[in-house]
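The values are calculated or read from the model by the stated rules, or taken from the named source; none is laboratory data. Since the structure is predicted, the reported quantities are computational estimates derived from the model, not experimental observations. Here Cβ is always computed from backbone atoms with ideal geometry, including for glycine, and neighbour counts include all displayed protein chains. Side chains included, ligands, DNA and RNA excluded: accessible areas come from the protein's heavy atoms. Shrake-Rupley method; radii C 1.70, N 1.55, O 1.52, S 1.80 Å.
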Number of protein chains: 2
Amino acid sequence: MTQPVEARLDWTGELRFQASVGENGLVVDGKRQGACSPMELLLVGLAGCMAIDVVHILGKMRAVPDALQVSVEGVRADSEPRRYTRISLRFALQGEGLSQAEVERAIALSREKYCSVYHSLRSDIEVETSCTIG
Amino acid sequence: MTQPVEARLDWTGELRFQASVGENGLVVDGKRQGACSPMELLLVGLAGCMAIDVVHILGKMRAVPDALQVSVEGVRADSEPRRYTRISLRFALQGEGLSQAEVERAIALSREKYCSVYHSLRSDIEVETSCTIG
């Protein structure tokens, strides 16, 4: 069985928490003063999860990029609980001989099959992905 | 309208990314070497979001705790996409005159009404919450 994921958060005042995750740590701040908010962490988690899949899948295709960036934008509902309603992820890759088809295939595989964060989200969040090469 | 949440991730090699979120930054690492993985960030985001709500709601009830910790554990499916199937959150609070009923009410309000991260997750993830005071 897969090991459970564990974390501990300690309140350090205002809306700020010190998180400990195994040997790693990070700060969460509801006011975004020097650290990310929870909804920002969720978005970074989604973009990171898909980007890791894309790097991994392209590696298996022997199509390793020289560079890769992801820009992610999440639109929230106006009323409480102000959840995400729409998320767009734009992948930009650089590298000799990378093909649009391969990159699109890697993104599609992440989305359909591998991305643990994406599949932990509500299925009615509209997620849009796109990519550019060059 | 609520401002969209934005982030940018830059691949820095292996399964590692530098995330920029407004003026804040953090590292995401699929191998968890010195930084959290995407699924860890999701869990910290959920625990942080609920904990922020609880602090906020208790403040409105004039029942501010002296200290608050949250331990969170997420169980993942064994097969791809290895999404979360079960998450438990254990709140521990310290403070003179805090009542179990008030804390339970704050947690329930977060869950039912306010928690943006919780409401962005699949509704069939079994989420269990509990609290202790003292």
Which value at 222 nm does chain B reach when only helices count, each DSSP H run of 4 or more adding -39,500 (n - 2.57), with the total divided by all residues and rounded to the nearest 500 deg cm²/dmol?
-8000 deg cm²/dmol
Which pairs, out of B:LYS31/B:LYS60; A:LYS31/A:LYS60; A:LYS60/B:LYS31, put more than 29 Å between their alpha-carbon atoms?
B:LYS31/B:LYS60; A:LYS31/A:LYS60
Note the buried accessible area between B and A here, summed over both chains, with a 1.4 Å probe, in Å² to the nearest 100.
5700
For the range B:1-75, max minus min Cα coordinate along each principal axis, in Å, sorted largest first?
48, 35, 21
Just in the range B:1-105: which GluC sites (Glu not before Pro) are loop by DSSP and have at most 14 other Cβ atoms within 10 Å?
B:GLU14, B:GLU23, B:GLU96
Whole percent per 5 Å bin, from 0 to the bin with the longest distance: what is P(r) over all C-alpha pairs of chain A?
2, 9, 16, 18, 16, 16, 12, 7, 3, 1, 0
Bridge type composition, the range B:1-129 - antiparallel percent by DSSP, nearest 5:
80
Note: B:108-115 gets an average of partner chain Cβ contacts (10 Å, Cβ to Cβ) equal to 2
Helix axis angle, A:100-109 relative to chain A longest principal axis, alpha carbon, degrees
40
From the label point of B:ALA77, set 7 Å along Cα to the beta carbon, how far off in nm is each other copy's matching point, shortest first?
2.4
Rounded to the nearest Å, what's the spacing between the alpha carbon centres of the range B:98-134 and the range B:24-62? Just the number, please.
15
When DSSP beta bridges are limited to those with both residues in the protein assembly as shown, what percentage is antiparallel, rounded to the nearest 5?
75
Per residue of A:121-129, other chain Cβ atoms within 10 Å number on average 2
Quick check: the angle from helix B:38-60's long axis to the longest principal axis of chain B, C-alpha only, nearest 10 degrees?
30
Computed over the Cα atoms of the protein assembly as shown, the Rg and Dmax in Å are 18.5, 66
Can you work out which chain A residue has the shortest Cβ-to-axis distance for the rotation that carries A onto B, and give it in Å?
A:LEU41, 2
Carbon/sulfur accessible area of chain B, % of total, 1.4 Å probe, equals 44
Could you tally the net charge around A:ALA35, taking each other residue with its Cβ under 15 Å from the Cβ of A:ALA35, Lys/Arg +1 and Asp/Glu -1?
-2
